[in-house]
């Protein structure tokens, strides 16, 4: 599988390595607003989001940081890269599972 999608995997790897560049940006990332920031960014809080906001409170890597590590730039960059790897692994796992279900 790696060989047939070699360029895709290389590009994805490059994006993972470059993900800490977000630390250099000012302000918040698009779409990553909390309930406190949402009214200022889009003007309102969607009813469904407000209703279900308390359900999802557990995050394995909150704020792209590894729990227990100090917030230096190098450690923050490591948290961003680890978050990207975990995210890519989850997406690849779900897509692979769906592919197997649909194919059979």
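The values are calculated or read from the model by the stated rules, or taken from the named source; none is laboratory data. On a predicted model such as this, the values are computed, not experimentally measured, just so you know. Glycine gets a Cβ as well: all are built from the backbone with ideal geometry, and neighbour counts include every protein chain shown.
The criterion of at least 2 residues that are under 19 Å from the mean Cα position of the chain (by Cα) and modelled with pLDDT of 85 or more is met, among helices (runs of 4 or more DSSP H) falling completely within the range 1-57, by 6-18.
Across the range 63-86, the qualifying residues are those that are surrounded by 12 or more Cβ atoms within 10 Å (Cβ to Cβ) and out of contact with any helix residue (DSSP H, G or I) (no Cβ under 9 Å at 6 or more places or on another chain), and the one among them that is nearest to residue 33 (Cα to Cα) is 86. Would you mind stating whether residue 24 is free of Cβ contacts under 8 Å to residues at least 12 places away in the same chain and surrounded by 11 or more Cβ atoms within 10 Å (Cβ to Cβ)? No, not satisfied.
What are the residues in the range 92-104 that are loosely packed, with under 11 Cβ neighbours inside 10 Å and part of a helix (DSSP H, G or I), if any? Within the range 92-104, 93, 94, 95, 97, 98, 99, 100, 101, 102, 103 meet the criteria.
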